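The values are calculated or read from the model by the stated rules, or taken from the named source; none is laboratory data. Nothing here was measured: the structure is a model prediction, and the numbers come from that model. Because the Cβ atoms are built from the backbone with ideal geometry, glycine has one as well, and the counts that use them run over all protein chains shown. Protein only, heavy atoms only, side chains kept; ligands, DNA and RNA dropped before computing areas. Shrake-Rupley method; radii C 1.70, N 1.55, O 1.52, S 1.80 Å.
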Amino acid sequence: MSIKFLAEDDRPREKFLLKGKNSLSDAELLAIIMGSGNREDSAVELGRKILDSVGNNWHNLSLLQISDLIKFKGVGEAKAISIATALEIGRRRASQEVPEKIQINSSSDLFKVLQPFLGDLQTEEFWVVFMNQSNRILGKSKLSSGGINQSVVDVRILFKAALENFATGIVIAHNHPSGNLKPSQEDLKITKQISEGGKILNIQLLDHLIITQNAYLSFADENLL
């Protein structure tokens, strides 16, 4: 369905999904926060009126009190609080530094990152770490958990997540609750599958770690990749 056939209050959300957040005007962003307008004005038109009243300046809007916002027809306490909350989140975000991504220089660095998540588990879990070209961690995710002896991995889901995180490299890891660091035939098989799949997508498998409570085995260090 074309956006123009949707109710006016729904259009900014659809535009967000179809074209991205950068395509939205300030009035459309405010409309999404409010959710609806009033009998005379759509949410976008109401948002435009509110912004016009403060010179189309978000900082000036943040100075308004709840009592100022509810003077606009169609803005009750709930909408006013939503607007104030969104602006406060923006203020706090602006005041914080962008956290520096952890850089990985060795398998021991990876173990320090992953051991708190995997070291003490009684069942096996399979995780993936997403890396950029500078070997900095973009994110990490648990892909599966299974019985104490096995963990089933869907390679398609793994690479879907890697693409969504814009990763150029990945590290996979799983734990052996038994404490045995020796890789199984299944461990070797899934490592090969993921490595080969990554070549097609130009996403390099950098390492595979088997983790126990106090130790680890690195496939890269052991030349098993």
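Worth pointing out:
- Number of residues in the range 136-149 that are open to solvent by 30 Å² or more (accessible area, probe 1.4 Å) and assigned to a strand (DSSP E or B) equals 7.
- Only a single item in (1) part of a loop (DSSP other than H, G, I, E, B); (2) surrounded by fewer than 13 Cβ atoms within 10 Å (Cβ to Cβ); (3) out of contact with any Gly (no Cβ under 8 Å at 6 or more places or on another chain) is not met by Ile200, and it is number (1).
- Of residues in the range 16-28 being within 22 Å of Val75 (Cβ to Cβ) and open to solvent by less than 60 Å² (accessible area, probe 1.4 Å), the one farthest from the chain's Cα centre (by Cα): Ala27
- Residue count, the range 1-15 (criterion: open to solvent by 60 Å² or more (accessible area, probe 1.4 Å) and either modelled with pLDDT of 90 or more or part of a helix (DSSP H, G or I) (or both)): 7
- The lone exception for Glu100 - which of (1) at pLDDT 90 or above; (2) out of contact with any helix residue (DSSP H, G or I) (no Cβ under 8 Å at 6 or more places or on another chain); (3) open to solvent by 80 Å² or more (accessible area, probe 1.4 Å) it fails: (1)
- One residue stands out among those in the range 153-167 that are assigned to a loop (DSSP other than H, G, I, E, B) and over 19 Å from Phe219 (Cα atoms): the one that is modelled with the lowest pLDDT, which is Asp154.
- Residues of the range 173-197 satisfying the condition of being among the basic types (Lys, Arg) and surrounded by 12 or more Cβ atoms within 10 Å (Cβ to Cβ): Lys192
- Within the range 203-217, being surrounded by fewer than 20 Cβ atoms within 10 Å (Cβ to Cβ) and part of a strand (DSSP E or B) holds for one residue alone: Gln204.
- Of all the numbered requirements in (1) open to solvent by less than 100 Å² (accessible area, probe 1.4 Å); (2) out of contact with any Phe, Trp or Tyr (no Cβ under 6 Å at 6 or more places or on another chain); (3) touching a residue at least 24 places away in the same chain (Cβ under 8 Å), Phe111 misses one, and that requirement is (2).
- Qualifying positions in the range 59-89 - open to solvent by less than 100 Å² (accessible area, probe 1.4 Å), closer than 14 Å to Ile33 by Cα and out of contact with any helix residue (DSSP H, G or I) (no Cβ under 7 Å at 6 or more places or on another chain): Gly76, Ala78, Thr85, Glu88
- Annotation: of all residues in the range 114-135 being open to solvent by 50 Å² or more (accessible area, probe 1.4 Å) and in a helix (DSSP H, G or I), the one that is farthest from Ala31 (Cα to Cα) is Pro116.
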